[in-house]
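Have a look at the structure below before the remarks.
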Amino acid sequence: MKKHLYVKGMKTLLEAVTFLFIASVILFPLRPVDAAEKIEVTDIRYWSYPEYTRVVIGLSDLADYRQNRLSRPDRLYVDLKDSVLKNDLQKTISVGNGMLRNVRAGQFSENTVRIVLDFDKMNNYRVFTMEDPDRLVIDIYGRKQVAALKKRIVLDPGHGGNDPGAVGPRNLYEKDVVLDIALKLKKILAQDQNLEVHLTRETDVFIPLEQRTAIANSKSADLFISIHANASPRRDAKGVETYLLNWTSDEEAMKVAARENAISLKKMKKMNEGRDVLDIMLSDLKRDNKRDESLKLANFLQQNMVSGLNKNYSHIVDLGVKQALFYVLFGAQMPSVLVEVSFISNPLEEKLLAKDSYRIELAQSIAFGVSKYMSASPEGQTVAKNGRNIAP
Ligand SMILES: [Zn+2]
């Protein structure tokens, strides 16, 4: 009624029509089916291992998608909405590792790209997205490996290559500090004959975040520890903290994860509020009591880093165990944590991080935390305990 009167109040019918047209354009902007606006599927990559494969579909923007698994023959397809294939994209990629035969990409309809994965023998799979660069990740798991006698630990020194990580006021690079700590830690842990230790990188090379967990999953690792140095615009920010993967409402924790994920804080907040990561988080929860174990590991590492460092260096601040959505922990199949060993942005802590003795102390403290976790985690304890998982 109100609307009718309003339209009637206009001088001419033409004016009313013009008004309605403009209003509708404002309210419902026309989205012409224009190739320039569509999301491009830019590349298809994969990492293949005996019991695990990670497929990454590069995108020019995040696409809505729908997935469906079909049998006879066993295959999974993922339809990407409002998408087109890049002209020079290789449309069929043969993997042939016994788990995954091919990855095929095709323009299913004018607006939909269909990615098809042809399986041979596959146990389980998972689909999720990551941003900056935008990509769709598909994890495929083969049959379970026979449990290794040795416990495997994958250490992940953050950043590397053209990604220096955080840079200190005196130009100390996070990538160099954390690599050195990880190499020292490996040396210490490897002395234990019951442990097998791998690094995601042993040199100054760039490794995408999604490849790091892929390495840990491929090795059926029992633990995954990502090592970083912290940074803050507040020059006096200092201390040690340890993270596990989870949603958070803590803005400081979000800032840390945003920096490590190389995405904006705005995107990070959206990720925490949105349901985009629900799939990956639920599958994380479903993995037996993995989150309990990650929390336990985080506590051991945190306590030992703080007490170890405080023996020789006073006033090391204990920032505690926190949680946030770190890409590098997405899809990890084992208890996994990320340690921020000190603030490289703080002039005093940068000075400490530059010291060999400080790095050795950090490596020893982390190693001590790992062995305490191991001895508190007897064989079989990681077997599912019904209903023990904490809700997000
Ligand atoms: Zn970092």
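Points worth noting:
- Residue within segment 227-238 that is modelled with pLDDT of 95 or more, of a type in the set (A, V, I, L, M, F, W, C) and in a helix (DSSP H, G or I) present: no
- When Arg126 is tested against (1) assigned by TED's automatic domain parsing to the domain that holds Tyr327; (2) surrounded by fewer than 21 Cβ atoms within 10 Å (Cβ to Cβ), only condition (1) is not met.
- Hey, Ala229 crowded, with 24+ Cβ neighbours inside 10 Å, in contact (Cβ under 8 Å) with a residue 60 or more places away in the chain and away from the ligand (no atom under 16 Å from the Cβ) or not: no
- Qualifying residue in segment 242-256 (condition: farther than 23 Å from Lys186 by Cα, within 14 Å of the ligand (Cβ to nearest atom) and either without any contact (Cβ under 8 Å) to a residue 40 or more places away in the chain or not assigned by TED's automatic domain parsing to the domain that holds Leu338 (or both)): yes
- Residue in segment 154-174 that is in contact (Cβ under 8 Å) with a residue 40 or more places away in the chain, touching a Leu at 6+ places or on another chain (Cβ under 8 Å), surrounded by 22 or more Cβ atoms within 10 Å (Cβ to Cβ) and farther than 29 Å from Lys266 by Cα present: yes
- Of the strands (runs of 3 or more DSSP E) lying entirely inside segment 131-216, those carrying at least 1 residues that are touching a Gly at 6+ places or on another chain (Cβ under 9 Å) and away from the ligand (no atom under 16 Å from the Cβ) are 135-141.
- So Leu223, is it among the hydrophobic types (A, V, I, L, M, F, W, C) and within 16 Å of the ligand (Cβ to nearest atom): no
The values are calculated or read from the model by the stated rules, or taken from the named source; none is laboratory data. Keep in mind that this is a model prediction, so the values were computed, not measured. Every residue, glycine as well, gets a Cβ built from its backbone with ideal geometry; the counts of neighbours run over all protein chains shown.
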